[in-house]
Structure formats: C-alpha cells, structure tokens
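Novice: Below: one structure in structure tokens.
The values are calculated or read from the model by the stated rules, or taken from the named source; none is laboratory data. Just so you know, these numbers come straight off a predicted model, no measurement behind them. We place every Cβ from the backbone using ideal geometry, glycine too, and count neighbours over all the protein chains shown. Heads up: the accessible areas ignore ligands, DNA and RNA and are worked out on the full protein's heavy atoms, side chains in. Shrake-Rupley method; radii C 1.70, N 1.55, O 1.52, S 1.80 Å.
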Amino acid sequence: MNIILFGPPGAGKGTQAQYIVKNYNFFQISTGDLLRNATKNKSELAAKIEKITSKGEFVSDEIVNELIEKSISKLIFKKPIIFDGYPRNMSQVNHLEIILNNFNQKISFVIFLNVSREIIEKRILGRMTCSKCNLTLNEYSNSKEIETHPCGKEFLIKRRDDDKGVAISRYDIYMEKTKPVLDFYSTKEGFHEIDGSLKIDQITNKIDDILRV
Ligand code: AMP
C-alpha cells in the first residue's frame, strides 16, 4: 500500500507524512528533502539545484526522476512508501507509474491537503525545522515548543526558500503546474481531499479514517 501525499508547499504534508511513517510504519520519500540533501556537497549539480530551489522553481524532471528512482529501488520491498512532493507534473506521474509497475507495486491512496494561499503564506513564513531531528515547528503557533525543544532552539532554522516572495511564487508555481496532476488523480479510486486548514490532529484523524479501512 503506497501513498501520495499531495498539496501545495506549506499544506502540512511533511507533518502528516511523519505521522504516517510513525504510526503506520511507512518509509517517506520527500523530493524536497532529497534535493536539499543533494545540495550539501560541493558540485556543479548541487549548485544548479540550489539556484532553482532558492527561487521556488521546479528542478528538472531528469534530476528529480533519477533521485526518486534510486530511493524507490532501495526501499520498495521493505515497507510501503509515502511520497511527499512527488509527482508534481504529468511527466513525473508517468515516470512513477513505470517504476512502480516494474516492481509490481501501485499507489493505493492519494491524499490531497487543500489549503488557501493566505494560510500557506503564514505557515511558510513561520516554519522552522530542526537540523538535528528534522522536527518542523511554526513560530506563530508553537512558541512554547520552540523554547523547550529538546535538541536546543538554536538548531531550529528557517529554510532558505521560505521568505515571502519565494513562498508566494512556490505556491503559484505549484498550483499552476500541478493542477493537471490533481485533475488526473481526483478521478481515480483511492483519492481523498482533506481540508488542510484544519488543526494537525483533526487532519491526522481524517487520515486515520482513510487508512484504517
Ligand atoms: P518541498 O520541500 O516539497 O516544498 O520542495 C522544495 C523545492 O524543491 C521546491 O520548491 C522545488 O524547487 C523542488 N522540488 C521538490 N520536489 C520537486 C519535484 N517533484 N519536481 C521538481 N522540483 C521539486
């Protein structure tokens, strides 16, 4: 049972993916994380990825598809996979189908977290991620948790692509380019839309309803 978690940047995909990983024993593949990891070394490719992601644009299918293929082939038969941030366009949809078919696997659920641009702006601008444990918090809604974070609050950092201009363009680019993907999956069995403006635990309850059938 593999899942695609779908929704614009800041919709809460990462948070809900962490919940599913922990409670349903999945592996998470996040193309955003794969790309951020790929920028950590000093190479021409790393510089290219950094340049594109810092503007909020999409990295080429060639690069993303190669990263995803490597991750899938490492993880596929060990646990089910939750895809976070992939596929983002129809070419990636087709590529994913081919890889999964090769492994005799399929997508069982596509969960769409639908959130307005206004809410996304606030969420993205306040978002901080721990560089040690990867926990994501928000400075507007988690001030207490930030102060008492076990790794130390100095490890909570803002992503470089989380400033206002980039946040808005990431949202717009996502909505524009990813609409055909949404249209494609929304007609398929296993598609569920959740109001992503709900509280985190209200969303997890809805995810439980979907996955516990
Ligand atoms: P995310 O963490 O999913 O918001 O991704 C961060 C950035 O990585 C995006 O704004 C894109 O620049 C890039 N990215 C992530 N996933 C993809 C993808 N599937 N295709 C192209 N670019 C991607």
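Novice: Within the range 1-70, report the trypsin sites (Lys or Arg not before Pro) that DSSP leaves as loop and that have at most 10 other Cβ atoms within 10 Å.
Specialist: Passing both the DSSP loop test and the Cβ count: Lys40, Lys42.
Novice: Got a sec to turn the phi values of the range 11-25 into Karplus ³J(HN,Hα) couplings, 6.51 cos²θ - 1.76 cosθ + 1.60 with θ = phi - 60°, whole Hz, x for Gly and Pro?
Specialist: Using θ = phi - 60°, the values come out as 6, x, 4, x, 4, 5, 5, 4, 4, 5, 4, 6, 8, 10, 6 Hz.
Novice: Counting just the Cα atoms, what span does the chain cover along each of its three principal axes? Round to the nearest Å and put the largest first.
Specialist: Projected onto the principal axes, the Cα atoms of the chain cover 46, 44, 33 Å.
Novice: Identify all lysines with a Cα-Cα distance to Lys22 below 25 Å; exclude those on the same chain that are fewer than 8 residues away in sequence.
Specialist: Lys13, Lys70, Lys74, Lys78, Lys79, Lys106, Lys132, Lys144, Lys153, Lys158, Lys199, Lys206
Novice: Further question: At q = 0.12, 0.24 Å⁻¹, what log₁₀ I(q)/I(0) does a Debye calculation on the Cα points of the range 1-103 give, no solvent, two decimals?
Specialist: These q points yield log10 I(q)/I(0) values of -0.39, -1.43.
Novice: If you average 1/r across every pair of different Cα atoms in the range 129-213 and take the reciprocal, what Kirkwood value do you get, in Å?
Specialist: Its Kirkwood hydrodynamic radius stands at 16.0 Å.
Novice: May I ask you to give the percent of accessible area on the range 9-76 that is carbon plus sulfur, with a probe radius of 1.4 Å?
Specialist: For the range 9-76, the apolar C and S fraction of the accessible surface comes to 51 percent.
Novice: Only sites in a loop by DSSP and with at most 10 other Cβ atoms within 10 Å count here; which chymotrypsin sites (Phe, Trp or Tyr not before Pro) in the range 1-93 make the cut?
Specialist: Qualifying residues, ordered by number: Phe77.
Novice: Let me ask something additional. Take the Cα pairs of the range 85-170, get the Kirkwood Rh, then feed it into Stokes-Einstein at 25 °C and 0.890 mPa s and tell me D in µm²/s.
Specialist: The estimated diffusion coefficient comes to 157 µm²/s.
Novice: Pick out, in residue order, every one of the trypsin sites (Lys or Arg not before Pro) in the range 122-213 that is DSSP loop and has at most 13 other C-beta atoms within 10 Å; say none if there are none.
Specialist: Passing both the DSSP loop test and the Cβ count: Lys132, Arg160, Lys188, Lys199, Arg212.
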